[in-house]
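A.B. asks: Attaching a single structure in structure tokens format; questions to follow.
The values are calculated or read from the model by the stated rules, or taken from the named source; none is laboratory data. Here the structure is a predicted model, which means the values were calculated and not measured. Cβ: placed from backbone, ideal geometry, glycine included. Neighbour counts: every protein chain shown.
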């Protein structure tokens, strides 16, 4: 699927996607036209899904992150769909993951402070449908955060 040239391009692009194309081509050892053509194919093939702006929520005044592990009532056939539909509507829920096993979902939730989290928890999270159990894990520190892929 990927050859060595694609891997070189992706390594350089992943390291700094804002690098000017001419510089990126030089670092990857290809011509600018080859770089443009290869990036277009990588986008078409779904290897490159896009470039995004990552906003540091702490800089915007959100000082608390909580991970909620949620178990749903599996006697209700539409529990997953209905829970997910409602959870997506809570702006402070920044991530939703589903699992197989005892825990069905994990929600990442941000809040401005502890009182804001308590309000959010009571008014928006505890009312989500079909929960049979919920466990909150308060985020203390970020040890590693890396979205790069080994190429």
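A.B. asks: Which residue out of 82, 95, 86 is within 16 Å of the chain's Cα centre (by Cα) and either part of a loop (DSSP other than H, G, I, E, B) or outside the structural domain of residue 10 (by TED's automatic domain parsing) (or both)?
C.D. replies: 95
A.B. asks: May I ask you to verify whether residue 76 is assigned by TED's automatic domain parsing to the domain that holds residue 106, part of a loop (DSSP other than H, G, I, E, B), touching a residue at least 24 places away in the same chain (Cβ under 8 Å) and more than 16 Å from residue 122 (Cα to Cα)?
C.D. replies: In short, yes.
A.B. asks: For the stretch 3-19, give me each residue that is exposed (fewer than 14 other Cβ atoms within 10 Å of the Cβ) and over 20 Å from residue 146 (Cα atoms).
C.D. replies: 3, 4
A.B. asks: Which members of the stretch 98-113 meet the condition of being under 30 Å from residue 77 (Cα atoms) and outside any strand (DSSP E or B)?
C.D. replies: Of everything in the stretch 98-113, those that are under 30 Å from residue 77 (Cα atoms) and outside any strand (DSSP E or B) turn out to be 99, 100, 101, 102, 103, 104.
A.B. asks: OK, next. Where the second residue is not in a helix (DSSP H, G or I) and the first is more than 21 Å from residue 1 (Cβ to Cβ) and lies in the stretch 24-39, which pairs have Cβ atoms under 7 Å and are six or more apart or on separate chains?
C.D. replies: Going by the 7 Å Cβ cut-off, the qualifying pairs are 25/31.
A.B. asks: Does the stretch 89-105 hold any residues that are touching a strand residue (DSSP E or B) at 6+ places or on another chain (Cβ under 8 Å) and more than 18 Å from residue 139 (Cβ to Cβ), and which are they?
C.D. replies: 98, 99, 102, 104
A.B. asks: Give me the pairs: first residue in the stretch 124-151 and within 17 Å of residue 95 (Cβ to Cβ), second residue part of a loop (DSSP other than H, G, I, E, B), beta-carbon distance under 6 Å, and six or more apart or on different chains, which are they?
C.D. replies: Listed pairs, sorted by first residue: 124/90.
A.B. asks: Of the residues in the stretch 114-140, how many are loosely packed, with under 12 Cβ neighbours inside 10 Å and part of a loop (DSSP other than H, G, I, E, B)?
C.D. replies: Matching residues across the stretch 114-140 total 3.
A.B. asks: When the residues of the stretch 20-38 are narrowed to those that are touching a helix residue (DSSP H, G or I) at 6+ places or on another chain (Cβ under 7 Å) and surrounded by 15 or more Cβ atoms within 10 Å (Cβ to Cβ), which ends up farthest from residue 53 (Cα to Cα)?
C.D. replies: By that ranking, first place goes to 30.
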